[in-house]
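Asker: Structure provided below as structure tokens; questions to follow.
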Amino acid sequence: MSALRGKADIAQKLGFVATVCDDGSPNLSPKGTMVVLDDDHIMFGEIRSPNTIRNLRANPAMEINFVDPFSRTGYRFKGEARIIERGLDEFEALHTRFEPWGALAAEINCIVALRVVRALPLTSPAYDMGKTEAELRETWMAHFVAIQPNACGR
Ligand SMILES: Cc1cc2nc3c(=O)[nH]c(=O)nc-3n(C[C@H](O)[C@H](O)[C@H](O)COP(=O)(O)O)c2cc1C
């Protein structure tokens, strides 16, 4: 399956990772070290995610959502995760892909690789109401500019 070819635009970088706790409740947390590994795999570096890792060691089920806050579109990727421990040759090979994160890459304890079995697009219901991408980008760009700490009036 080429789940990621041509549609895994994760340029936003920030993915929201869902795992399952042992009581069946959800665990959701953001990861900013997302890398598309190949057509079927997305990975991130575990730096400070004890709950996610604990859950995955018991149950590899995982979903990652990416949303572009300007276009109001994204993708959701579901599958099974594999933990690649620091010290393994595979870790060392994959770790080179995190070089763009500079010093943060040295803090990666293990790598989590999701094998994607289901990939679905996400769109805001605003599109159902006739909004265009250009309109949404303009609206949300203005919003994010306005909420910056140095914005006028703040
Ligand atoms: C913008 C942002 C990016 C983050 N990126 C990562 C990351 O790539 N890896 C990581 O382990 N933690 C990352 N974190 C920190 C975890 O999300 C945070 O420590 C969280 O509480 C971990 O929860 P968990 O143990 O339930 O996964 C990030 C947090 C934020 C706000």
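Asker: Taking H placed 1.01 Å from N in the peptide plane, check which residues at least 5 places from residue 73 or on another chain put their amide H under 5 Å from its amide H.
Answerer: Amide H to amide H, under 5 Å and 5 or more residues apart or across chains, residue 73 pairs with 68.
Asker: Further question: Could you state the number of Å between the C-alpha centres of the stretch 18-32 and the stretch 78-154?
Answerer: So the two Cα centres are separated by 16 Å.
Asker: List, in order, the whole-Hz ³J(HN,Hα) value for each residue of the stretch 24-29 obtained from phi through the Karplus relation with A = 6.51, B = -1.76, C = 1.60 and θ = phi - 60°; use x for Gly and Pro.
Answerer: With coefficients 6.51, -1.76 and 1.60, one gets x, 7, x, 10, 10, 8 Hz.
Asker: Also, I was wondering about something else. Once you put a point 7 Å from the Cα of residue 128 and another 7 Å from the Cα of residue 13, both along the Cβ direction, what distance in nm separates them?
Answerer: Between residue 128 and residue 13, the label points sit 3.3 nm apart.
Asker: What are the extents of the Cα atoms of the chain along their three principal axes, in Å, largest first?
Answerer: Answer, in whole Å and largest first: 49, 35, 34 Å.
Asker: What order do you get for 147, 111 when you list them from fewest to most C-beta neighbours inside 10 Å?
Answerer: Ranked by crowding around the Cβ, least crowded first: 147, 111.
Asker: Remind me, relative contact order of the chain in percent, using alpha carbon pairs under 8 angstrom and six or more residues apart?
Answerer: 24 percent
Asker: Which residues' amide hydrogens lie under 5 Å from the amide hydrogen of residue 21, considering only partners 5 or more residues apart or on another chain, with H built in the peptide plane?
Answerer: 27
Asker: Now a separate question. How far apart, in nanometres, would the label points at residue 146 and residue 96 be if each is projected 7 angstrom from Cα along the Cα-to-Cβ direction?
Answerer: 4.8 nm
Asker: Oh, and also: Tell me, what HN-Hα J-couplings in whole Hz come from the Karplus equation 6.51 cos²θ - 1.76 cosθ + 1.60 at θ = phi - 60° for each residue of the stretch 134-149, using x for Gly and Pro?
Answerer: 4, 5, 5, 4, 5, 4, 7, 4, 4, 4, 5, 5, 5, 8, 5, x
Asker: At 222 nm, what value in deg cm²/dmol follows for the chain if DSSP H runs of at least 4 each add -39500 (n - 2.57) and the sum is divided by all its residues, to the nearest 500?
Answerer: Taking each H run of at least 4 residues, the total per residue is -6000 deg cm²/dmol.
Asker: Amide H of residue 109 versus every other amide H placed in the peptide plane: which residues, excluding those fewer than 5 positions away on the same chain, fall under 5 Å?
Answerer: Residues meeting the criterion, in which the H sits 1.01 Å from N, are 46, 47.
Asker: How far apart, in nm, are two points set 7 Å out from the Cα along the Cα-to-Cβ line at residue 107 and at residue 25?
Answerer: 2.6 nm
Read the figures in this text as sums done on the coordinates, not as results from a lab. These numbers come from a predicted model, not from an experiment. So basically every Cβ, Gly included, is an ideal-geometry build from the backbone, and we count neighbours across all protein chains shown.
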